[in-house]
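Worksheet for the structure shown next.
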Amino acid sequence: MINVAIIGYGLSGRYLQAPFFESNPNFNLHTIVTKTQDPTDQFKKVQVHKHIDDVLNDNQIDLISICSPNNTHAEYATKALLANKHLLVEKPFTPTVADAEALIKLATNKNKVLAVFQNRRFDSDFLTVQKVINSNSLGNISLVKINYNRFKPSLNTKAWKETITAANGIMYDLGAHIIDQSIALFGKPKQIQGQTFIERKDSLIDDAFKIELKYNKLTVILQASLLVEEETPRYEIIGSKGTFTKYGLDVQEDELKAGKSPTDADFGIEPTYQQGKIKSLINGIEVSTAIDTVQGNWSILFNNLHQAIVNNKPLLIQLADVVEQIKIIETIKNIQ
């Protein structure tokens, strides 16, 4: 069994990761590092420390998961690898390609598993999109739009999220997810264009973006904003045989916040009204076909992490993809 220490107990540490480590028999949620909260109200047996050094010096800890503020990821990851720990790092992995490549080299030298928590590769909607594309039911795809919009006009109450620091801003926050999804679907783009914006009153960091990625005859448009009140399609895929459109967001995060367990049989199942639809012409008649949504399953990431540590299996989230993601973010930041 792999003993795990989580650094940070915000949204990711508390809701998106700890329940998976606790419910997976291959892991033991051993320690949580937090200065402000008491995790034992939810995770009764966990040890609690206030400083990362307490974990680095604990020989019982096999794996460290870094869920601390974005600008600490590279520093804490370096310390963890130097302490000979396997590592899971919440996205954004690092602020720069140089930081990412340095960590990858260090992990290789230390012979330790280094993984990145790109959990939205295993969202219900994205798994459905992959299924639709792989089925070739849309024919030759010319345009893909992925939106990650929210309506949060007020500044975040967590001050660190609104401060100008390394790896802050909406491209590192929401963009890291949908850029990763484009790379997972289509690989490295041939051309990159994009722009970030500051839309909210008194905001210091970018809170909206539009990115265009070119793949030969295919264009992928990625957009996010915190000022979109009306629901927009999450995915739009236009092909020579039809168009796929899907609204709604994967339910796993909300279910975890509500106390649901990843081991529940109905965990990750979207309501049927969120089903995507393919519109196509059949004998000159427009036909709309509902597409069953694949069950969301972030457990895939944790099971794969266990296999990588114990049996040297390859990671599903390849580090080369993560480096490419950061390269795209850096490219767009340098355009402006």
Once a ≥ b ≥ c are taken as the square roots of the eigenvalues of the Cα gyration tensor of segment 1-144, is the result rounded (a/c under 1.5), prolate (a/b larger than b/c) or oblate (a/b not larger than b/c)? prolate
Rolling a 1.4 Å sphere over the protein heavy atoms, what is the accessible area per residue of the chain, to the nearest Å²? 46
Can you list, bin by bin at 20 Å, the percent of alpha carbon pairs in the chain, starting at 0? 30, 59, 11, 0
How fast does segment 104-151 diffuse by Stokes-Einstein, in µm²/s, taking the Kirkwood radius from C-alpha pairs at 10 °C and 1.306 mPa s? 112
Of all DSSP beta bridges in the chain, what percent run antiparallel (nearest 5)? 55
Where trypsin sites (Lys or Arg not before Pro) in DSSP loops with at most 10 other Cβ within 10 Å are excluded, longest remaining stretch of the chain: 51-189
Of the listed pairs Lys105/Lys333; Lys91/Lys158; Lys188/Lys241; Lys131/Lys241; Lys210/Lys277; Lys91/Lys313, which have alpha-carbon separations greater than 19 Å here? Lys105/Lys333; Lys188/Lys241; Lys210/Lys277; Lys91/Lys313
Only Lys, Arg (+1) and Asp, Glu (-1) charged, at Cβ; segment 242-310 dipole about Cα centre in debye: 200
Is the shape of segment 171-286 rounded, prolate or oblate, going by the alpha carbon gyration tensor and its root eigenvalues a ≥ b ≥ c, with a/c under 1.5 for rounded and a/b larger than b/c for prolate? oblate
By its C-alpha gyration tensor, with a ≥ b ≥ c as the square roots of the eigenvalues, how is segment 47-111 shaped: rounded for a/c under 1.5, else prolate for a/b larger than b/c, else oblate? oblate
For segment 221-331, Rg(Cα) over 2.2 N^0.38 Å is 1.39
Select from Ser135, Ser280, Ser299 the residue whose mean-square fluctuation is largest in a Gaussian network model of the chain (Cα-Cα springs shorter than 10 Å). Ser135
So for segment 214-331, taking the charge dipole from beta-carbon charges (+1 Lys/Arg, -1 Asp/Glu), which of Ile300, Ala224, Ile238 sits furthest toward the positive end? Ile238
Quick one: Cα centre-to-centre distance for segment 279-308 and segment 9-88, in angstrom? 32
Between Gln191 and Asp41, what length in nm is gained on full extension when 0.36 nm per residue of separation is reduced by their alpha carbon distance? 49.1 nm
Out of Phe126, Asn111, Gly139, whose Cα points farthest toward the positive end of the dipole of segment 111-167 (charges: +1 Lys, Arg; -1 Asp, Glu; placed on Cβ)? Asn111
Dipole size in debye (nearest 20) for segment 31-79 around its Cα centre, Lys and Arg Cβ +1, Asp and Glu Cβ -1? 100
Dividing the Cα radius of gyration by the Kirkwood radius, what Rg/Rh value follows for segment 86-221? 1.00
So, with a 1.4 angstrom probe, what is the percent of accessible area on segment 162-271 that is carbon and sulfur? 49
Per-residue ellipticity at 222 nm for the chain, helices alone: DSSP H runs ≥ 4 residues times -39500 (n - 2.57), over residue total, nearest 500 deg cm²/dmol? -8500 deg cm²/dmol
Student exercise, segment 118-193 dipole from Lys, Arg, Asp, Glu Cβ charges, in Debye to nearest 20: 40
Roughly how many percent of the accessible protein surface of segment 1-153 is carbon and sulfur, given a 1.4 Å probe and a whole-percent answer? 45
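The values are calculated or read from the model by the stated rules, or taken from the named source; none is laboratory data. Small disclaimer: the values here were computed from a predicted structure and weren't measured. Every residue, glycine as well, gets a Cβ built from its backbone with ideal geometry; the counts of neighbours run over all protein chains shown. Quick note on the areas: whole protein, heavy atoms, side chains included, nothing else; ligands and nucleic acids left out. Shrake-Rupley method; radii C 1.70, N 1.55, O 1.52, S 1.80 Å.
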